[in-house]
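See below for the structure under consideration.
The values are calculated or read from the model by the stated rules, or taken from the named source; none is laboratory data. In this text, all values refer to a predicted model and were calculated from it rather than measured experimentally. Note that we place each Cβ from the backbone using ideal geometry, even for glycine, and neighbour counts take in every protein chain shown. These area figures cover heavy atoms from the full protein model, side chains too; ligands, DNA and RNA do not enter into them. Shrake-Rupley method; radii C 1.70, N 1.55, O 1.52, S 1.80 Å.
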Amino acid sequence: MDTIFALSSGSLPSGVAVVRISGPRTRFVVETFCREVPKPRRASLRKLWSSSGMLMDEGLVLWFPGPKSFTGEDCCEFQVHGGRAVVSALLEELSAFDGLRLAEPGEFSRRAFENGRLDLTEIEGLSDLIQAQTETQRRQALAQASGGLRKQLEEWRSRLVRMRALLEADFDFADEEDVPGSVADGVWEDARKLARELGAALDDSRRGEIIRDGYQIVILGPPNAGKSSLINALARRDIAIVTPEEGTTRDLLEVQLDIDGFAVTVVDTAGLRETDGIVEREGIRRARERASMADLVVYLEPVEGMMAGIDTDLQGFANVKVLRFKSKDDAGLSGDNGISVNRENGLEPLLNSIIASLAEIGDLAVPAVVTRERHRVAIAKCRDYCVKAADAQKLGSELRSEMLRLACDEIGKVTGRVDVDDLLDVIFSEFCIGK
Ligand SMILES: Nc1nc2c(ncn2[C@@H]2O[C@H](COP(=O)(O)OP(=O)(O)O)[C@@H](O)[C@H]2O)c(=O)[nH]1
Ligand SMILES: [Mg+2]
């Protein structure tokens, strides 16, 4: 097993830089640099010496002997001055040791997973925590990184294991006289109950995924409705070109915003109209396609020269929530849903309706179980196997028990106990080097 090292802190120069090592050679490196091994899990101020006896820097050394470390292996963190030359002296020195090499992205976390320190959902939570840009993302990621989802999954799994154990016991006594049939009956009742709980966890308006991936808002409307002006106003900078000419915007333009602690992606689009222009037509196709996948459409319609046919414009978005506003309402003619970017009228109410729509995605006090599509797929399959097993009265107990085993495996796929080799590369490559 290689010993790996990396700069775990951000770009240089910085006040402090953290260089991390993990693996069997760590102790030897610490002995060489510090001329002794400091107390485990205590911050110790030490001079750091190179193998040739040159003083590299002075800093805090944190020695974590395995298995009680992040990776489960011997680990050490050096907190040194965050100068480029300091860090490169240290990294160069480290790469000169036999059996040491630079870590790949996510490799520390991968070792933590492989040594059973963290399950896959905790790893994902950690990755999300590092990526988190908004308050709701931070809270959700922290809950998952701290084992919130793992505990729930383990509870479900242990119930399935228990059901199967009861069935096994039933098989063993099947030839004897006075076996209560009620044991198996109870199991099927439990399976149905579990299926209902799994269903409830899935029925969450995709809250966890929306928080993680961002809430998608697409601005639609006829040409010149002021869509590009609106995205610029929301972003407080020039995202899109604004002109009095119709058909200015063709491509989708997007901006990431933090609205009330939510990650929100706002997309500006080409104005919807009949046109012969090839480029504009493609822009309109993209606008419609993106809107059909959105969480919310903000539809702008200029207060004057209103275009007929708004309802045909909105065909195909039956499943998407639409908020309509009268744009360019400089004189405040349309009351509540009038907006004027030029006069900065109505923008606050518009934001408030967006915030109200965000609030509809559910009770944030209750952490979402599902934060990724792959959780949703596996939990749905688990539920289906439970229902199948419970309802398959004509099948033998062995077959029905086998269905419960398959249900169990689906949970195992989420936590990483089962059959996930192809997934690991994808998950760990999301990480930065040093984590
Ligand atoms: N009077 C007035 N003009 C506006 C307002 N918003 C945008 N416009 C103008 O309407 C024209 C089209 O705006 P633009 O944002 O490019 O519309 P888009 O085609 O929907 O993206 C530009 O000349 C803007 O300056 C507004 O609130 N009031
Ligand atoms: Mg535009």
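Okay, here's what the table says:
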| item | result |
| --- | --- |
| Residues satisfying the stated conditions in region 82-141, i.e. in a helix (DSSP H, G or I) and aromatic (Phe, Trp, Tyr) | PHE108, PHE113 |
| Qualifying positions in region 335-363 - open to solvent by less than 50 Å² (accessible area, probe 1.4 Å) and part of a strand (DSSP E or B) | GLY338, SER340 |
| Out of ILE284, ILE219, sole residue that is within 14 Å of ligand 2 (Cβ to nearest atom), modelled with pLDDT of 95 or more and either in a strand (DSSP E or B) or crowded, with 19+ Cβ neighbours inside 10 Å (or both) | ILE219 |
| Residues located in region 255-281, provided they are away from ligand 1 (no atom under 14 Å from the Cβ) and open to solvent by 60 Å² or more (accessible area, probe 1.4 Å) | GLN256, ASP258, ASP260, GLU274, ASP276, ILE278, VAL279, ARG281 |
| Residue in region 217-226 that is out of contact with any helix residue (DSSP H, G or I) (no Cβ under 8 Å at 6 or more places or on another chain), within 21 Å of ILE355 (Cβ to Cβ) and away from ligand 1 (no atom under 13 Å from the Cβ) present | no |
| Contacts under 7 angstrom Cβ, first residue in region 119-143 being closer than 11 Å to GLY261 by Cβ and among the small types (Gly, Ala, Ser), partner at pLDDT 95 or above and part of a loop (DSSP other than H, G, I, E, B), 6 or more apart | none |
| Only listed residue being within 16 Å of ligand 1 (Cβ to nearest atom), touching a helix residue (DSSP H, G or I) at 6+ places or on another chain (Cβ under 6 Å) and at pLDDT below 95, chosen from ILE239, ILE211 | ILE239 |
| Test: residue in region 71-79 that is farther than 22 Å from THR415 by Cβ, assigned by TED's automatic domain parsing to the domain that holds GLY23 and small (Gly, Ala, Ser) | no |
